[in-house]
Amino acid sequence: MSHDVLIVGSGAAGLTAALVLAEKCRVLVLAKGALDAGSTAWAQGGIAAVLDKGDTFEDHIRDTMVAGGGLNRRETVEFVVENAPVAIERLADLGVPFNLDDATSGSVGSSPTGGSGALHLTREGGHSHRRIVHVDDATGWAVQQALLKAAHAHPNITLRPDMAAIDLVTDRHRIDPAGERRVWGVYALDTGSGPSAGRVECLTARATILATGGAGRTYLFSTAPRGATGDGIAMAWRAGCRISNMEFMQFHPTCLYNLEVKNFLITEAVRGEGGLLKNPETGERFMPRFDPREELAPRDVVARAIDHEIKRLGLDYVHLDISHKPPEFVRHHFPTIYERLLGLGIDMTKEPIPVVPAQHYTCGGVLIDLAGRADLFGLYAVGECSESGLHGANRLASNSLLECFVFGDAAANDILARWDSFSEPPAIRAWDESRVADSDEEVVIKQTWTELRRFMWNYVGIVRTNKRLERAAHRIQLLRDEIAEYYSNFRVTADLIELRNLHQTAELIVKSARARHESRGLHYNADYPQTDPAARDTILVP
Ligand code: FAD
Ligand code: SIN
């Protein structure tokens, strides 16, 4: 089936692009599971934008580049920062109920940038100003619902949940290959329960946008949802696109430590509003020993400090304590977290919260330009699956949703501007299942999945060494053959698609980490603790 534009992913990046494109063409949006099951709906903190009177674009640019260890591409940072206020305005127009300052509560006016100071701005690590617009502590949920409501209402947008893209359709899938470096859509497996469940469809379009989110689930502990398996990154790599800076995996300092609930984030805004990190045995603060910015140092610094304390003292977790603030203040600012913790027997207004670092964000991805274009004609990548140059070696808090809105819009506008150069898709070969059987060994997938995520956590985590990276590379090599054999003999399933992509992404992370002989931002290698004078990207060429 053919559409004008195919978007793989229904989070902030994919739906932003869809809403712009739908004004002029017919758009098909795919999601692997439910339409709101990506990271977007889980975002707590908010969206960074210069909206405060004392704040400036230059300050936001500088904070982004300081956090990014100087690896950011300045023109991208300027592009995103300068487009942030407009992006917030569009979201407010879509009905996102951003919090307002108490003195000015009511609805957000048509111009949140009008200098009225009406929006309530929180502060997060690495930001020199209050700059984060939010909807309580569940910003992503509000954004996802507003975008979905608008997409459902648009006659030119078709939303298809439960469609797992397997691979990009390229020239080599044409019935008559023409020798072009070109993308025409995807092959996707219907993972739903309807009549076409289990069938692989060839979905073609004049232009294709990957908006598939990150690869957090490459790690044993991650704040990301289960579907964050790096699918878009792996698909783009297999199709022939360059992938960059995959060694920069962000670990969030404060994920709840709980033996049952393994991936509940405690937003950085808790530290922004005065939360303190403490040794759980002595109650002593430790961040002042590590960085003059204390609890509000950038994430890599805070995560490494916590990791250091946990390992040095043999702890299971550290404490995050905001119980010195008035209970009403805590409940008012963090209603979702308060309720969730209370359900687990922790009253954050009275006692500290046990926390540990966990993987949180994928800074690297499909290398794109300022219009979201990837290396192959007709292919774009936006949001967390891309590497635009915004984050450099470490993403500044709350800059990622922002990147989704700015690049979702930029990619859509580029497609519309170049519409005449995108021809109708040619005839493409159907998916061939003639030589595969149903798997009789599902246990292999589960075993490999767990093994991979465990060694990535242990060997390619917050602190790396040459030996650990070498061990990880060796295991990846062993698993590669097993997965390839499995993939060529058995019918694809949702789990197999994810495992194959997870493995591919892990390989890209380890390759990139081994290529960097310095420590910078999120990549810390104890064998190369120095930071080189010149910052350079790690660009892997397929
Ligand atoms: P996602 O929202 O992750 O969406 C990915 C989409 O791709 C989904 O629809 C998924 O189904 C689909 N997909 C994936 N693979 C396939 C496939 N093979 N076939 C079909 N569809 C596929 N950032 C901020 O700026 N501020 C915050 O406060 C913040 N808080 C966060 C809190 C948590 C717990 C987490 C995990 C992240 C947070 N982030 C935050 C990061 C931010 O949420 C993400 O970077 C952002 O939402 C990514 O959006 P996206 O549109 O790129 O991808
Ligand atoms: C948080 O709320 O701490 C997450 C913010 C982000 O990831 O940008």
(request) Name the residue, out of Ala48, Ala87, Ala92, that is modelled with pLDDT of 95 or more, surrounded by fewer than 24 Cβ atoms within 10 Å (Cβ to Cβ) and within 16 Å of ligand 2 (Cβ to nearest atom). (result) Ala87
(request) Specify which of the listed residues (Tyr338, Tyr380, Tyr361) is in contact with a Ser or Thr (Cβ under 9 Å, 6 or more places away or on another chain), in a helix (DSSP H, G or I) and either of a type in the set (Ser, Thr, Tyr) or at pLDDT below 95 (or both). (result) Tyr338
(request) All but one of (1) touching a Leu at 6+ places or on another chain (Cβ under 7 Å); (2) under 30 Å from Leu341 (Cα atoms); (3) not in a strand (DSSP E or B) hold for Arg226, so report the exception by its number. (result) (1)
(request) Can you confirm whether the range 412-423 contains a residue that is under 25 Å from Trp141 (Cα atoms) and either at pLDDT 95 or above or crowded, with 17+ Cβ neighbours inside 10 Å (or both)? (result) yes
(request) For Gly33, state whether it is assigned to a loop (DSSP other than H, G, I, E, B) and more than 11 Å from ligand 1 (Cβ to nearest atom). (result) no
(request) Output the residue which, of all residues in the range 167-191 that are closer than 21 Å to Arg373 by Cα and surrounded by fewer than 18 Cβ atoms within 10 Å (Cβ to Cβ), is nearest to the chain's Cα centre (by Cα). (result) Arg181
(request) Would you mind telling me which numbered condition in (1) in contact (Cβ under 8 Å) with a residue 12 or more places away in the chain; (2) under 22 Å from Leu396 (Cβ atoms) Ala236 fails? (result) (2)
(message) As an exercise: evaluate Met246 against (1) in contact with a Leu (Cβ under 6 Å, 6 or more places away or on another chain); (2) of a type in the set (A, V, I, L, M); (3) under 30 Å from Ala430 (Cα atoms) and give the number of the one condition it does not meet.
(response) (3)
(request) Have a look at Ala150, Ala165, Ala178 and point out the one that is outside any strand (DSSP E or B) and either basic (Lys, Arg) or under 30 Å from Gly46 (Cβ atoms) (or both). (result) Ala150
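Rundown of residues vs (1) more than 21 Å from Ala411 (Cβ to Cβ); (2) of a type in the set (A, V, I, L, M, F, W, C); (3) surrounded by fewer than 23 Cβ atoms within 10 Å (Cβ to Cβ); (4) in contact with a Ser or Thr (Cβ under 9 Å, 6 or more places away or on another chain), yes/no style:
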| site | (1), (2), (3), (4) |
| --- | --- |
| Ala197 | yes, yes, yes, yes |
| Leu210 | no, yes, no, yes |
| Phe264 | yes, yes, yes, yes |
| Pro280 | yes, no, yes, no |
(request) Considering each of Val86, Val50, Val27 in turn, give the residue that is aliphatic (A, V, I, L, M), over 30 Å from His332 (Cα atoms), more than 13 Å from ligand 1 (Cβ to nearest atom) and over 20 Å from the mean Cα position of the chain (by Cα). (result) Val27
(request) Determine, yes or no, whether Thr208 is touching a Lys or Arg at 6+ places or on another chain (Cβ under 9 Å), touching a residue at least 12 places away in the same chain (Cβ under 8 Å) and either closer than 22 Å to Glu387 by Cα or among the polar types (S, T, N, Q) (or both). (result) no
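Of all the residues that make up the range 313-349, how many are aromatic (Phe, Trp, Tyr) and exposed (fewer than 15 other Cβ atoms within 10 Å of the Cβ)?
Within the range 313-349, the first condition is being aromatic (Phe, Trp, Tyr), and the residues that meet it are 317, 329, 334, 338.
Still in the running and exposed (fewer than 15 other Cβ atoms within 10 Å of the Cβ): 329.
Number of matching residues: 1.
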(request) Might you let me know whether the range 473-489 holds any residue that is surrounded by 15 or more Cβ atoms within 10 Å (Cβ to Cβ), on the phi > 0 side of the Ramachandran plot and within 28 Å of the chain's Cα centre (by Cα)? (result) no
(message) Within the range 18-44, take every residue that is buried (at least 22 other Cβ atoms within 10 Å of the Cβ) and within 13 Å of ligand 2 (Cβ to nearest atom) and give me the one that is modelled with the lowest pLDDT.
(response) Gln44
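The values are calculated or read from the model by the stated rules, or taken from the named source; none is laboratory data. Please read these numbers as outputs of a predicted model, since none were measured by experiment. Virtual Cβ from ideal backbone geometry, glycine too; neighbours counted across all protein chains shown.
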